[in-house]
Amino acid sequence: MADLVEMLRAAAKDEHAAVIQYLLHAYAMGEGEEACEIEGIARDEMRHFWMLSRWIVKLQGLPTIERGFTDLGGETKAEWMDRDVQAEERAIAMYRAYISAIENPDLRSDLERILADEERHRGIFVELGEKFRLESSPEEAVTPPTPSPSVLEALEWGIRHEYAAILQYLFHSFLVKDEETSRQLELQAINEMQHMGWLSEKLASLGKPIPIEHHPVDLAREVQAMLRADIKLETETAQKYEDFVGKVQEPAVRELLETLKGHELYHEGLFKRLLERISHLSPSGWTIGSLIKKEEG
Ligand SMILES: [Fe+2]
Ligand SMILES: [Fe+2]
Ligand SMILES: [Fe+2]
Ligand SMILES: [Fe+2]
């Protein structure tokens, strides 16, 4: 069983890497049909990450937020698509090997579902690559305006923060047994992914690289400690965005930061309500982690 958990953890790290690799490619392309399609694939990978992590918990293992190999090479859109095809091919080979080695029929069926997604993704990346190669006019090099230091600081801080929030809420959602709380945490992680997208598209449009290292993540394993950490993160973030609004001059960035602040305050309130709800629940709201700890103690 330990081997199986390790196999699933390795797959989870690769799914995490795929989410980030594809998002970076989509953000760098700016708005458009292709970027939307790629973001959709990144969301599929996040779902795979979630499915694998729930299995890890079911098998008494601990999910991971480590990221596997992320291929950041390539200069043009077509080259990025080649890298993405290769990532899908690595995943396809891995899942085929897993499916032939794993006996649990429910897990096999989930892995077969994931494998079918990867095969579809591979086809889409191949097509997009061909499309970009055929684009006759080379992408025009427009020199973007030089951003002010405060705009750069706000965008970079925001991206690192949002990445950490995504991982924190996902990790917590993997472990929480209470379905409502788990689902809400997953939904808010998706919302933070949207935030990361808005900030990253803005930064990419200014011709600046998108940071891929996140702020520290609180990996609490007990549900009340999780929600307290999540509330704290939202309170601090709303404050930080407000501070940036005071420093940044550029109207579009200010407006974006105001929107984000509003969402974070909503998250803060939502997590407070969840904490209150969970405090009234019986042990069914506990996480696997807290039960294991109780048995040990
Ligand atoms: Fe995947
Ligand atoms: Fe995929
Ligand atoms: Fe956010
Ligand atoms: Fe938030």
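Pairs exceeding a 27 Å alpha-carbon distance, out of K208/K247; K202/K261; K58/K232: K58/K232. Cβ-Cβ distance of E179 and C36, R₀ of 45 Å, FRET efficiency by 1/(1 + (r/R0)^6): the value works out to about 0.90.
Rolling a 1.4 Å probe over the protein chains gives T146 an accessible area of about 130 Å². When the Cα positions of A238, L257, A91 are compared along the charge dipole of the chain, A238 comes out farthest toward the positive end, with charges on each C-beta of Lys, Arg, Asp and Glu.
A crude spin-label estimate for the pair R221 and T143, with each label 7 Å from Cα along the Cβ direction, gives 5.6 nm. Heavy-atom surface analysis with a 1.4 Å probe gives the chain a carbon and sulfur content of 52 percent of its accessible area.
In a simple Cβ point-charge model (Lys, Arg +1; Asp, Glu -1; nothing else charged), the stretch 152-263 has a dipole of about 140 debye relative to its Cα centre. Residues of the stretch 15-46 with the amide nitrogen closer than 20 Å to a label point 7 Å from the Cα of L134, along Cα-to-Cβ, please. Answer for the stretch 15-46: 32-38. 3J(HN,Hα) couplings calculated from phi for the stretch 178-194 with the Karplus curve 6.51 cos²θ - 1.76 cosθ + 1.60 (θ = phi - 60°) are, in sequence order, 5, 4, 4, 5, 4, 5, 5, 5, 5, 4, 6, 4, 5, 5, 5, 5, 4 Hz; Gly and Pro show x. Here the simple spin-label model places points 7 Å from the Cα toward Cβ, and for E75 and E153 these points are separated by 3.5 nm.
Modelled label positions at R120 and I190, each set 7 Å beyond Cα in the direction of Cβ, lie 1.5 nm from each other.
Each Lys and Arg adds +1 at its Cβ and each Asp and Glu adds -1 at its Cβ; summed about the Cα centre, the stretch 81-126 shows a dipole of about 80 debye. The Cβ shell under 9 Å around L52 holds other residues with a net charge of 0, Lys and Arg each +1, Asp and Glu each -1. Look at where the Cα atoms of the stretch 218-242 and of the stretch 254-281 average out, and the two centres are 10 Å apart. Residues whose amide H comes within less than 5 Å of that of V248, counting only those at least five positions distant or on another chain, are absent (H built at 1.01 Å from N in the peptide plane).
Averaged over its residues, the chain has an accessible area of 48 Å² per residue, based on protein heavy atoms and a 1.4 Å probe. Between the C-alpha center of the stretch 166-202 and that of the stretch 38-89 there is a gap of 16 Å.
The values are calculated or read from the model by the stated rules, or taken from the named source; none is laboratory data. If you're wondering where the values come from, they're calculated on a predicted model, not measured in any experiment. FYI the Cβ positions are ideal-geometry reconstructions off the backbone, even for glycines, and counts take in every protein chain you see. These accessible areas exclude ligands, DNA and RNA; they are computed on the full protein's heavy atoms, side chains included. Shrake-Rupley method; radii C 1.70, N 1.55, O 1.52, S 1.80 Å.
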